[in-house]
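To keep things clear, I will list the structure first and then write my remarks on it.
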Amino acid sequence: MDSQFLSPPSALDTDDWTQYEQSSDVVFRLPTAEIREHTLVYEDTRLRDAIREQTGNELDYVWRFFFVTRLTISPPPPPGVGTASWYPTIAAEARDGFADDLRERGFETVERHRGQRMRTESGNRARLTKFTADYPVERGGDGDGDVSRLPTEGWLAVWADGSEFRLAGGAYPTAFGGVLTDDERSALGVNPAAYRNELLDLIRAVE
């Protein structure tokens, strides 16, 4: 993997998760520098495959995703200059960008909620922000069926790491009612509470 990208948490190194997006671009400019992002996005392919098989190919969506981003500053801050003064701008842009990204992925009624603090496994202090949204899903996908809007929860963490910044987060459905039958949910063992815990564990594991 190119060194400009972060190594993903080891928990993603399984057949359950698959990288499906990679990007590198200038995301915004400040008066004295530009900020470039290097992003990897993963999806829970195990859950996607299981739901597709259980429903006879009637449901085939990205149900859960996780991303990790490295933000680099060019030119780098001079020696002795910390990132504290950059953080408010970086964090605000990151939160707006995450909300926009959810909308681009098809989520509706995206709302941002109050933030909280968390500490990563490497000891960095991160600011964690919760988002909620609805994800429109049509069983069969032929355009003639009823569309259900799954309640979805997303989380975004932002923190400084030396002269760089890290972003990590993702989203998952908090309920499958209206899309999966009771028997299908039971057979699949869908567990939104576990999805939340796993997402936060993945965020903490980012270095």
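Yes/no matrix, rows are residues, columns are (1) open to solvent by 30 Å² or more (accessible area, probe 1.4 Å); (2) under 18 Å from residue 71 (Cβ atoms); (3) in contact with a Gly (Cβ under 6 Å, 6 or more places away or on another chain):
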| residue | (1), (2), (3) |
| --- | --- |
| 125 | yes, yes, no |
| 131 | no, no, yes |
| 146 | yes, no, no |
| 150 | no, no, no |
| 156 | no, yes, yes |
| 164 | yes, yes, no |
| 169 | no, yes, no |
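Scanning segment 133-166 for residues that are of a type outside the set (Gly, Ala, Ser), within 17 Å of the chain's Cα centre (by Cα) and under 28 Å from residue 86 (Cβ atoms) turns up 155, 156, 158, 159, 165, 166.
Every condition in (1) under 18 Å from residue 5 (Cβ atoms); (2) at pLDDT 85 or above is met by residue 99 except one, and the failing one is (1).
Figure legend. Inter-residue proximity from segment 101-129: first residues under 17 Å from residue 61 (Cβ atoms), second residues open to solvent by less than 100 Å² (accessible area, probe 1.4 Å) and of a type in the set (D, E, K, R), beta-carbon distance below 7 Å, spacing 6+ or different chains. Indicated pairs: 107/134; 108/134.
Scanning segment 6-37 for residues that are touching a Ser or Thr at 6+ places or on another chain (Cβ under 8 Å) and over 16 Å from residue 76 (Cα atoms) yields 6, 15, 16, 17, 18, 21, 22, 23, 24.
Beta carbons closer than 7 Å, at least 6 apart along the sequence or on distinct chains, pair a first residue in segment 171-200 that is in a loop (DSSP other than H, G, I, E, B) with a second that is among the basic types (Lys, Arg) and open to solvent by 30 Å² or more (accessible area, probe 1.4 Å) for 176/185; 179/139.
The values are calculated or read from the model by the stated rules, or taken from the named source; none is laboratory data. For clarity, every value in this text was computed on a predicted model and none was experimentally measured. All Cβ positions, glycine included, derive from the backbone under ideal geometry; neighbour counts span all protein chains shown. The area values use the complete protein model at the heavy-atom level, side chains included, leaving out ligands, DNA and RNA. Shrake-Rupley method; radii C 1.70, N 1.55, O 1.52, S 1.80 Å.
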